[in-house]
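Trainee: There's a structure below that I have some questions on.
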């Protein structure tokens with residue numbers, strides 16, 4: 001798993017316009033965020049998960065650098081994909097050369113790079129595995145259309161990586177598009193956590209039927225649980241080959257006992273408290289992790 005240790009974490013007014021989850025704070029959040037970040041790396045490593053940490057450079061400031069999954073995805077055929085991002089401050093986060101050096105140092109093989117960032121010049125964006133929830137074995141993706149998730153870029157992604165993407169509409173209670181798909185949907189090998197009431201009615205049955213056809217257990221959550229990042233979880237593999245499901249403390253606390261039981265049946269839950277990251281950054285544990293599927297050299 002790839003994490004980025006932030007140097008300039010903070011509230012990003014550029015992204016707040018489309019991210020209803022982020023909120024400004026008058027407090028100095030820097031030390032609190034680094035404590036939370038270091039605790040996450042320790043918890044993941046302690047569970048037998050290989051963690052690579054890319055150190056964020058302080059200049060220029062990048063308040064959202066802690067969320068690398070929006071600018072890069074790493075695939076089993078050796079492909080690195082770079083994505084177009086809406087905010088100019090977020091566009092600075094893309095550092096493929098530094099990332100490739102880190103991956104090479106740990107024995108991973110990057111064989112080709114697909115750079116979709118040119119779409120930024122035309123005002124079209126696709127923010128990585130925030131915008132695209134990937135079913136990698138099926139080469140299938142799911143995407144909620146929003147200002148940060150453009151169908152033209154999705155078509156380019158699908159063509160270059162031989163994927164097909166199911167597009168749908170999902171909105172919060174005020175009618176605003178959900179800014180990232182991974183806020184309302186996550187996929188593990190045996191489960192899916194989804195807020196169906198956020199999905200437009202004409203897409204709900206299509207979405208859930210397709211997920212159930214992959215023999216995943218569908219765990220439905222409501223709007224209040226979505227706001228606590230209950231859908232923003234990620235399944236990762238330990239060094240023993242066992243599934244580990246990373247989930248924030250707030251997300252776990254929001255789930256009912258029956259929902260937790262169903263999720264726990266699919267893997268060991270790894271609970272991480274990240275309240276500052278969630279409140280100020282507007283993202284949770286899945287947003288922090290760029291999962292590495294690259295081959296080894």
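Trainee: One residue is enough: does the range 87-97 have a residue meeting the conditions at pLDDT 95 or above, closer than 18 Å to residue 160 by Cβ and surrounded by 13 or more Cβ atoms within 10 Å (Cβ to Cβ)?
Mentor: The answer is yes, given that some residue of the range 87-97 is at pLDDT 95 or above, closer than 18 Å to residue 160 by Cβ and surrounded by 13 or more Cβ atoms within 10 Å (Cβ to Cβ).
Trainee: Right, next: Kindly indicate the residue of the range 199-217 that is touching a helix residue (DSSP H, G or I) at 6+ places or on another chain (Cβ under 9 Å) and outside any helix (DSSP H, G or I) and also surrounded by the most Cβ atoms within 10 Å (Cβ to Cβ) among those meeting that condition.
Mentor: 199
Trainee: Oh, and also: Taking interchain pairs and intrachain pairs at least six residues apart, which have beta carbon atoms under 9 angstrom, with the first residue in the range 153-182 and under 22 Å from residue 211 (Cα atoms) and the second at pLDDT below 95 and in a helix (DSSP H, G or I)?
Mentor: 179/15
Trainee: Of all residues in the range 69-86 being within 17 Å of the chain's Cα centre (by Cα) and outside any strand (DSSP E or B), which is farthest from residue 127 (Cα to Cα)?
Mentor: The residue in question is 75.
Trainee: Looking at 43, 90, which is the one that is out of contact with any helix residue (DSSP H, G or I) (no Cβ under 8 Å at 6 or more places or on another chain) and either more than 25 Å from residue 248 (Cβ to Cβ) or outside any strand (DSSP E or B) (or both)?
Mentor: 43
Trainee: To continue, here is another question. From the list 131, 117, which residue is at pLDDT 95 or above, closer than 20 Å to residue 221 by Cα and touching a strand residue (DSSP E or B) at 6+ places or on another chain (Cβ under 7 Å)? Before the answer, list the steps.
Mentor: Details: 117 fails: closer than 20 Å to residue 221 by Cα.
Exactly one residue qualifies, and that residue is 131.
Trainee: Going through 256, 215 one at a time, which residue ends up being more than 15 Å from the chain's Cα centre (by Cα) and at positive phi?
Mentor: 215
Trainee: Within the range 157-170, can you find the residues that are in contact with a strand residue (DSSP E or B) (Cβ under 8 Å, 6 or more places away or on another chain) and either closer than 19 Å to residue 202 by Cβ or outside any loop (DSSP other than H, G, I, E, B) (or both)?
Mentor: Matches in the range 157-170: 157, 158, 160, 161, 164, 165, 166, 167, 168, 169, 170.
Trainee: Would you check if there is a residue in the range 224-240 being part of a helix (DSSP H, G or I) and in contact with a strand residue (DSSP E or B) (Cβ under 6 Å, 6 or more places away or on another chain)?
Mentor: So in the range 224-240, the residues part of a helix (DSSP H, G or I) come out as 224-227.
When the remaining residues are screened for being in contact with a strand residue (DSSP E or B) (Cβ under 6 Å, 6 or more places away or on another chain), the result is none.
No - not one qualifying residue is present in the range 224-240.
Trainee: I'm checking my understanding of the structure. Among residues of the range 259-282 that are in a loop (DSSP other than H, G, I, E, B) and modelled with pLDDT of 95 or more, which one is farthest from the chain's Cα centre (by Cα)?
Mentor: So, considering only residues that are in a loop (DSSP other than H, G, I, E, B) and modelled with pLDDT of 95 or more, the one farthest from the chain's Cα centre (by Cα) is 265.
Trainee: Only one residue in 131, 228, 189 is in contact (Cβ under 8 Å) with a residue 24 or more places away in the chain, under 18 Å from the mean Cα position of the chain (by Cα) and surrounded by 23 or more Cβ atoms within 10 Å (Cβ to Cβ). Which one?
Mentor: On the way: 228 fails: surrounded by 23 or more Cβ atoms within 10 Å (Cβ to Cβ); 189 fails: surrounded by 23 or more Cβ atoms within 10 Å (Cβ to Cβ).
Answer to the check: 131.
The values are calculated or read from the model by the stated rules, or taken from the named source; none is laboratory data. These figures come from a predicted structure and were not determined experimentally. Quick reminder, even Gly has a Cβ in these numbers, built from the backbone with ideal geometry, and neighbours come from all protein chains shown.
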